[in-house]
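Since the structure comes first, as structure tokens, the remarks are kept for the end.
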Amino acid sequence: MIRYPRRTLLRAGAAFAGAAALGFPAIVSAQAEKIRIGHLTPLTGFLGVIGSYAQLGAKLAADEVNASGGILGKQIDLLSEDSINPATAATKAQRMLEQDGAVLLLGEISSASALTIMQVAERNKKVFFSTGARSDALRGKSCNKYSFHCDIPNTVMVNAVGTALSQQGMVKGKKFFTLTADYIFGHDLLKAAKIFFGAHDANLIGDELIATDVTDFSPYLLKVRQAKPDVVCCNLAGNQVTNLVKQYAEFGLPYPLVGFNLNTGDAWAAGAGNLSGTWPTVWYHTLQSPTSQAFVAAFTKTHGKPPENHAWIDYITLKLLAEAINTTKSTDSGELIAYFEKQAQFDIGKARKAYFRTWDHQLVQEAYPFTVKPKDQMKDQWDMLVLGDAVPAANDPLETIYPTREQNPCEMKA
């Protein structure tokens, strides 16, 4: 037990009394009238650029919900912080739940950090909505009943791009060389890519695992030149994609560069004329639907630029959470889990409504391949990408592009 001098205790007591006289009880009451939600996303490091968009999207959603009356008649108090790394993310998540009074958690882009937040959520029996982490393993062997997954997983990204490449005659019998991020996300993406290559008679002739702090890709590009593949495939993440794309253009290699992962913020950062090929996305700001275009207009008016896909997914996640809480009239994690496991459908600004699968808590939704506009056809720096047709096709069930129970088994503890 720590003991303090009597004089210190007297000063502390006087300070507390003064705070009470100045309205401290009113401050406590005001905080009690709000519903706190913890939001973690990388604002620094190789994912910092897209994480900053995620923060802006979540804040816009909170502002709109509050302007329309809040949730359960209370205002949202959004606690949004930089997750930094897996260990710090876990520490902050625990503090938000235990000390700050957050009723639930959402956010994160790094699959490694998302995994540690999932573990915190399970220990505290509070729901966590992972908005940007894409590793199949998070929905599979590492799943738990308190975690929900809003972004498309690696298997879906591979299927979206792979289907488009197959239609262009760029898969069957072709030689692929992959460049892969050396952490859980990249390992998982490479696994999904190998499954696709094997099922479609493509040959993986080389892969390089690349640490997330690498900025000079010339040693790897020299290996690509020596291997002479038909197609080079990027399995990197964050600003490493941007740096690779720029250096690939400078090297002038004759092999098409495609990718199984790309966020639009990283595409914009690559600059006009550097990016080419076919890539996957979960959403783009040119998508024509009333919900999407209303969001784009509000975001652009506030920030003077269009939203990136992580801004969209954090925005719609907080919106559907507000809808769920108002519908169930509860912030209790058990009641929210039961509600989402009934596969309630949500308008997320796409042609088809989305829902969470009961057995792995994956948000099932459409995905898109995209190609890159020629520089002379761009209206501005953000008018870079052309969305392909949504996958799966309109007449096919949404789940046809997602891992099955057999492919990615998830066993949730009761």
Selection within region 233-256 - of a type in the set (A, V, I, L, M, F, W, C) and farther than 12 Å from Ser276 by Cβ: Cys233, Leu236, Ala237, Val241, Leu244, Phe251
Where residues in region 282-300 are open to solvent by 30 Å² or more (accessible area, probe 1.4 Å) and assigned to a loop (DSSP other than H, G, I, E, B), which of them is nearest to Gln381 (Cα to Cα)? Thr286
Within region 52-100, which residues are surrounded by fewer than 22 Cβ atoms within 10 Å (Cβ to Cβ), of a type in the set (Ser, Thr, Tyr) and within 23 Å of Thr116 (Cα to Cα)? Ser52, Ser80, Thr88, Thr91
Of everything in region 234-277, what is among the aliphatic types (A, V, I, L, M), part of a helix (DSSP H, G or I) and surrounded by fewer than 24 Cβ atoms within 10 Å (Cβ to Cβ)? Give them in sequence order. Ala249, Ala269, Ala270
Which pairs turn up if I take residues in region 345-365 that are under 17 Å from Phe295 (Cβ atoms) and look for partners that are open to solvent by 10 Å² or more (accessible area, probe 1.4 Å) and among the small types (Gly, Ala, Ser) with beta carbon separation below 6 Å, at least 6 apart in sequence or on another chain? Gly349/Ser289
Subset of region 183-204, residues open to solvent by less than 70 Å² (accessible area, probe 1.4 Å) and free of Cβ contacts under 8 Å to residues at least 60 places away in the same chain, comes to Gly186, Leu190, Phe196, Phe197, Gly198, Ala202, Leu204
Being in contact with a strand residue (DSSP E or B) (Cβ under 7 Å, 6 or more places away or on another chain) and over 16 Å from Ile152 (Cβ atoms) is the filter here; which residues of region 279-311 pass it? Thr286
Given the criteria modelled with pLDDT under 95, closer than 19 Å to Gln365 by Cβ and open to solvent by less than 10 Å² (accessible area, probe 1.4 Å), does Ala160 qualify? yes
Within region 205-237, can you find the residues that are touching a residue at least 12 places away in the same chain (Cβ under 8 Å) and aliphatic (A, V, I, L, M)? Ile205, Leu209, Ile210, Ala211, Val214, Leu221, Val224, Ala227, Val231, Val232, Leu236, Ala237
Subset of region 265-287 that is within 26 Å of Phe197 (Cβ to Cβ) and of a type in the set (Ser, Thr, Tyr) - its residue that is farthest from the chain's Cα centre (by Cα): Ser276
If you go through region 339-352 one residue at a time, do you hit one that is part of a strand (DSSP E or B) and surrounded by fewer than 22 Cβ atoms within 10 Å (Cβ to Cβ)? yes
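Residues are listed down the side, and each one gets a yes or a no for (1) within 23 Å of Glu341 (Cβ to Cβ); (2) assigned to a helix (DSSP H, G or I):
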residue: Ala112; (1), (2): no, yes
residue: Thr116; (1), (2): no, yes
residue: Ala133; (1), (2): yes, no
residue: Lys141; (1), (2): yes, no
residue: Val161; (1), (2): no, yes
residue: Leu165; (1), (2): no, yes
residue: Met170; (1), (2): no, no
Ala414 - would you say it is open to solvent by 60 Å² or more (accessible area, probe 1.4 Å), assigned to a loop (DSSP other than H, G, I, E, B), touching a residue at least 12 places away in the same chain (Cβ under 8 Å) and under 30 Å from Gly277 (Cβ atoms)? no
Quick check on my filter: what residues within region 302-327 are more than 18 Å from Asn66 (Cα to Cα) and either open to solvent by 50 Å² or more (accessible area, probe 1.4 Å) or free of Cβ contacts under 8 Å to residues at least 12 places away in the same chain (or both)? His303, Gly304, Lys305
Only one of (1) assigned to a loop (DSSP other than H, G, I, E, B); (2) open to solvent by less than 40 Å² (accessible area, probe 1.4 Å) does not apply to Pro369, and that is (1)
With Leu190, Leu204, Leu222 as the choices, which residue is more than 27 Å from the chain's Cα centre (by Cα) and assigned to a helix (DSSP H, G or I)? Leu222
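The values are calculated or read from the model by the stated rules, or taken from the named source; none is laboratory data. Being a predicted model, the structure only gives us computed values, none of them experimental. Heads up, the Cβs are rebuilt from the backbone with ideal geometry, glycines too, and the neighbour counts pull from every protein chain shown. Areas reflect the complete protein model, heavy atoms only, side chains present, ligands, DNA and RNA absent. Shrake-Rupley method; radii C 1.70, N 1.55, O 1.52, S 1.80 Å.
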